[in-house]
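**Student:** For reference, the structure I am asking about is given below.
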Amino acid sequence: MTPSLVALVREGLLLALLLAAPLLVAALIAGILTGLVGAVTQVQDPSIGLVPRVAAVGAAILMFAPSIAHQLDAFASRIWPLIATIGAGGAG
């Protein structure tokens, strides 16, 4: 495994974490808020907590989709030449 391939995999994993972060934060905030509302009202139905989380993740997808698409496009633009080099047997 070449150092360039290791760096490429590392960058891909970091990008995946970066792109998932807004969605995870939205789900976390919605879960905390619905948990607090459920504790105050003493309603412990699981579906009451699920619907706001799904809505928050959906809203986060709509808000962050352009940024996520731009970052994925930039990463793909950098990675395709390296994939061709690695596939051709070059050192990359």
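Matching residues to (1) outside any helix (DSSP H, G or I); (2) without any contact (Cβ under 8 Å) to a residue 40 or more places away in the chain; (3) surrounded by 13 or more Cβ atoms within 10 Å (Cβ to Cβ):
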residue	(1), (2), (3)
Ala39	no, yes, no
Gln44	yes, yes, no
Val51	no, yes, no
Ala65	no, yes, no
Ile68	no, no, yes
Gln71	no, no, yes
Phe75	no, no, yes
Ala84	no, yes, no
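**Student:** Between a first residue in segment 1-18 that is of a type in the set (A, V, I, L, M) and a second residue that is modelled with pLDDT of 90 or more, which pairs have beta carbons less than 6 Å apart while being 6 or more apart in sequence or on different chains?
**Tutor:** Leu15/Phe75
**Student:** Look at Ile32 and say whether it is of a type in the set (A, V, I, L, M, F, W, C) and in contact with a Leu (Cβ under 8 Å, 6 or more places away or on another chain).
**Tutor:** Details: of a type in the set (A, V, I, L, M, F, W, C): yes; in contact with a Leu (Cβ under 8 Å, 6 or more places away or on another chain): no.
So Ile32 fails the test.
The values are calculated or read from the model by the stated rules, or taken from the named source; none is laboratory data. Bear in mind that the values here come from a model prediction, so they are computed numbers and not experimental data. Neighbour counts are summed over all protein chains in view; Cβ atoms, including those assigned to glycine, are modelled from backbone coordinates with ideal geometry.
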